[in-house]
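A quick write-up on the structure given underneath.
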Amino acid sequence: MLRMSTIIYTHTDEAPLLATYSFLPIIEAYAAQAGVEVETRDISLAGRILAAFADRLPADQQVPDALAELGALAERPEANIIKLPNISASVPQLKAAITELQQQGFDLPDYPESPSTDEDRETRARYDTAKGSAVNPVLRQGNSDRRAPAAVKGYAKKYPHRMGAWSSDSKTAVATMGKDDFRSNELSVVVDADDTLSIVHVAADGTETVLKDDVKVLAGEVVDSTYMDVAALRRFLTEQIARAKAEDVLFSVHLKATMMKVSDPILFGHAVQAFFPTLFDQYGEQLRAAGISPNDGLGALLNATKDLPDGEAIAAAVAQGLEDGPRMAMVDDRKGITNLHVPSDVIIDASMPAMIRTSGHMWGPDGQEADCLAVIPDSSYAGVYQTVISDCQANGAYDPATMGSVPNVGLMAKAAEEYGSHDKTFEVPAAGRMELRASDGTVLTAHEVQPGDVWRACQTKDESIRDWVKLAVTRARASDTPAVFWLDETRAHDTNLIEKVRTYLGDHDTDGLTIEVMAPAEACAYSLERIRRGEDTISVTGNVLRDYNTDLFPILEVGTSAKMLSVVPLINGGGLFETGAGGSAPKHVQQLVSENYLRWDSLGEFFALAASFEHLAGYADNPRAQVLADTLDRATGTFLDRDKSPTRKIGGIDNRGSHFYLALYWAQELAGQSDDAELAAAFGPLAERLTAAEDQIVSELNAVQGSPADIGGYFRPDGEKADRVMRPSATLNEALASL
Ligand code: NAP
Ligand code: MG
């Protein structure tokens, strides 16, 4: 296993991967001085695909399954993993990655769209392990602790980001079903003994089909099941399309097709069908026969139908549908990419806050901002966004210079709640009943369902809940801040959670702390009222709201979720340090490739690294690692104070320039500290050298901007090319090498 003083840094995808080419050499050079080794593991989408087919590739192309290795490590006390954001691939992204790897000479099979042979099914199953949210549930063997560090709040107050004004005539609203959806149909049980459950479909004629027979549960575990009534969903979508048209607002759909990789692409597909009823009436059969699924989005559909006999007519029907329907919210109006083009383009947690930050607007087909109807079919959490929108309509935009903060303690350990529930999600094959059964045949939950309904079960371990409650109390105490559990006593799952929360709160000293339980929309209203007064409120939430809230509040408070401190204290003692709360920013890669400018902000990496050194100092009893942590913290403070994040516009420093400044301030702190004279002596010359060469280095870094950059691949860049692109300053490279 790992040596005591080892940190694992992850190679992931897109912008964070590119940033790694520039930042990792700095980390390695500095860490080595403290006897800390930094190893890397490749958990990128491309790496995961190659690992899944390792046995079918020649020896020199085989890669190990790094994700499985890290998953095992996360259960051990020596784990110290820095996890950067990775692609949660939708089917179109997965296919694009496969094509790129094939072009790079890997003999991989195509993605079987509709597998009919055993071999195809096996291939498909392997690819599906790399699809959607495949990484986080494996690594997150602990609950989540996310907050904006004081230095970041300080920065936001000093340099408030732009917030679009809100008007009381804003027509923006959230539409949600409120009945016949996942929230309303939910059933929840607490199992009293360890068991293995099964999921069984009982057809109308009594025929039983076991869909899954290995759902392992532990005593005290909360197990839920629920379903989306698809007929109701389709009526709802059709009504909302008409409503958006009548109210003359943009129509947009907000789902999480990446994380909820089985259910949400299906819901998305229904939205595509509802928007283009004529198209699917006329050509639905032909599309199905050609293996084209609306679940992959309008973009894939238009692309795949180009070569069909009716290709032109289909494109015309799409154009007509866009003409007849309400104006569609656009992902890129210049390229004609609508909200319904790619299922992973509009992800609820990032898209809703971006809209709220922009006056409740999205972009219309004419390239202008406009009010919109945000359609969030399931009502579990839609009310949270409506609450924020109503608050902005009544009271105007928030003021980053004065507003308080909403940190989060999230229930996440062991794939709690909806996370990772895709192995228990099914599109119902035929009318009948879906049952969740104990091993002795007892029916724990049962739902009457129709074909096409989306049924799912999810699990939450008692141990995870207990640890979550403890983390909430610890944080409330450490920051002397009220904590609110966002739980709804009218929802089946939450009722069981509330009971456990009340019990486990009894295990802790909560004297003098304010700890409350409120339904999500109410908890949100309470936190917003406080935020306007500059007060902080910890949101203690389940897994999905953890994801949503740690984009929502940071984006409003500090402009982006990239600046979050995001720590996962692993249940078995190790540490998982995530970098920010945002994703892999695909747009940033396009900009790098076209004009050699990377606007990715690595603040999340800086915070994660300091927390990782600090954890290592304690675990490995390495005081030098503590010096690295303390000096890095101070360097990051200076970095924020002097505003050295990427400027976002060509001409100023980008990601690479920001890494140089971090290296400069960090070396200066190390040279100047008095806890470790040897370290100070080691960094003295470097600090001098970097200080003296500042102008030279910045000009070398900035000189490359403005022309295209070749990194030799999108999903699997060429290491040498990416290295050359991301490290263009010889002066900086030589200085680092001199350490
Ligand atoms: P996203 O990558 O967070 O992008 C949304 C926007 O946030 C970006 O376009 C960018 O805004 C901004 N942003 C995020 N991180 C930033 C950073 N460090 N520096 C500067 N700006 C930053 O969200 P998404 O588009 O919904 O998801 C993209 C991919 O990331 C998906 O494959 C998704 O599954 C994955 N994802 C992974 C994780 C994870 O591994 N933890 C979490 C979330 C999403 P501007 O365009 O205005 O610069
Ligand atoms: Mg998120």
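The values are calculated or read from the model by the stated rules, or taken from the named source; none is laboratory data. Given the structure is predicted, the values throughout are model-derived calculations rather than measurements. Reconstructed Cβ throughout: ideal geometry from the backbone, glycine too, with neighbour counts over all protein chains shown. Calculation scope for accessible area: heavy atoms of the full protein, side chains included, ligands and nucleic acids excluded. Shrake-Rupley method; radii C 1.70, N 1.55, O 1.52, S 1.80 Å.
For the reader, a short list of remarks on this structure follows.
- Residues of the stretch 8-18 include none that is open to solvent by 10 Å² or more (accessible area, probe 1.4 Å), away from ligand 1 (no atom under 16 Å from the Cβ) and within 28 Å of residue 110 (Cβ to Cβ).
- Answer from 430, 416 - the residue that is open to solvent by 30 Å² or more (accessible area, probe 1.4 Å) and within 24 Å of residue 455 (Cα to Cα): 430
- Of all the residues in the stretch 562-597, those that are of a type in the set (Gly, Ala, Ser) and without any contact (Cβ under 8 Å) to a residue 60 or more places away in the chain number 1.
- Within the stretch 532-591, the set of residues being among the charged types (D, E, K, R), under 22 Å from residue 486 (Cα atoms) and within 16 Å of ligand 2 (Cβ to nearest atom) comprises 546, 547, 551, 557.
- Within the stretch 590-608, the set of residues being open to solvent by 10 Å² or more (accessible area, probe 1.4 Å) and outside any helix (DSSP H, G or I) comprises 596, 599, 600, 601.
- Residue selected from the stretch 168-191 under the condition at pLDDT 95 or above and of a type in the set (S, T, N, Q), by the criterion nearest to residue 458 (Cα to Cα): 188
- Matching residues in the stretch 60-116 - criterion: being charged (D, E, K, R), within 16 Å of ligand 1 (Cβ to nearest atom) and either open to solvent by 40 Å² or more (accessible area, probe 1.4 Å) or part of a loop (DSSP other than H, G, I, E, B) (or both): 95
- Among the residues of the stretch 78-96, those identified as within 17 Å of residue 125 (Cβ to Cβ) and either modelled with pLDDT of 95 or more or not small (Gly, Ala, Ser) (or both) are 91, 94, 95.
- Residues located in the stretch 284-299, provided they are at pLDDT below 95 and of a type in the set (A, V, I, L, M, F, W, C): 287, 289, 290, 292
- Looking only at residues of the stretch 319-351 that are more than 16 Å from ligand 2 (Cβ to nearest atom) and of a type in the set (S, T, N, Q), we find that the one that is nearest to the chain's Cα centre (by Cα) is 339.
- Within the stretch 567-587, the set of residues being among the hydroxyl-bearing types (Ser, Thr, Tyr) and buried (at least 24 other Cβ atoms within 10 Å of the Cβ) comprises 579 only.
- Whichever residue in the stretch 609-624 is within 21 Å of residue 84 (Cβ to Cβ) and touching a helix residue (DSSP H, G or I) at 6+ places or on another chain (Cβ under 7 Å) and, among such residues, is surrounded by the fewest Cβ atoms within 10 Å (Cβ to Cβ): 614
- Of all residue pairs spaced 6 or more apart or on separate chains, those with beta-carbon atoms under 6 Å, a first member in the stretch 684-707 that is on the phi > 0 side of the Ramachandran plot and a second member that is open to solvent by less than 60 Å² (accessible area, probe 1.4 Å) are 706/595.
- Of the candidates 398, 419, 385, the single residue that is in a helix (DSSP H, G or I), within 28 Å of the chain's Cα centre (by Cα) and not aliphatic (A, V, I, L, M) is 385.
- Taken together, the residues in the stretch 284-318 that are surrounded by 13 or more Cβ atoms within 10 Å (Cβ to Cβ) and in a helix (DSSP H, G or I) amount to 22.
- So residue 700, is it open to solvent by less than 50 Å² (accessible area, probe 1.4 Å), outside any loop (DSSP other than H, G, I, E, B), charged (D, E, K, R) and modelled with pLDDT of 95 or more: yes
- Filter result for residue 354 (open to solvent by 30 Å² or more (accessible area, probe 1.4 Å), away from ligand 2 (no atom under 16 Å from the Cβ) and of a type in the set (A, V, I, L, M, F, W, C)): no
- Checking residue 493 against (1) in a strand (DSSP E or B); (2) in contact (Cβ under 8 Å) with a residue 60 or more places away in the chain; (3) farther than 30 Å from residue 164 by Cα, the condition it does not meet: (1)
- Qualifying residue in the stretch 531-549 (condition: within 15 Å of ligand 1 (Cβ to nearest atom) and of a type in the set (A, V, I, L, M, F, W, C)): yes
- Checked against the criterion of being within 28 Å of the chain's Cα centre (by Cα), of a type outside the set (Val, Ile, Thr), open to solvent by 70 Å² or more (accessible area, probe 1.4 Å) and more than 23 Å from residue 185 (Cα to Cα), the candidates 522, 463, 535 yield just one match: 463.
- Screening the stretch 625-651 for residues that are among the charged types (D, E, K, R) and either touching a Ser or Thr at 6+ places or on another chain (Cβ under 9 Å) or open to solvent by 70 Å² or more (accessible area, probe 1.4 Å) (or both) and picking the one that is nearest to residue 574 (Cα to Cα) gives 633.
Results for (1) within 16 Å of ligand 1 (Cβ to nearest atom); (2) surrounded by fewer than 24 Cβ atoms within 10 Å (Cβ to Cβ); (3) in a strand (DSSP E or B); (4) modelled with pLDDT under 95, shown as yes or no for each residue.
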| position | (1), (2), (3), (4) |
| --- | --- |
| 345 | yes, yes, no, yes |
| 406 | no, no, no, no |
| 409 | no, no, yes, no |
| 426 | no, yes, yes, no |
| 434 | no, yes, yes, no |
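- Among the residues making up the stretch 117-142, those that are surrounded by 23 or more Cβ atoms within 10 Å (Cβ to Cβ) and away from ligand 2 (no atom under 16 Å from the Cβ) are 127, 130, 131, 141, 142.
- Scanning the stretch 319-343 for residues that are part of a helix (DSSP H, G or I) and either hydrophobic (A, V, I, L, M, F, W, C) or touching a Gly at 6+ places or on another chain (Cβ under 6 Å) (or both), we see that the one that is nearest to ligand 1 (Cβ to nearest atom) is 322.
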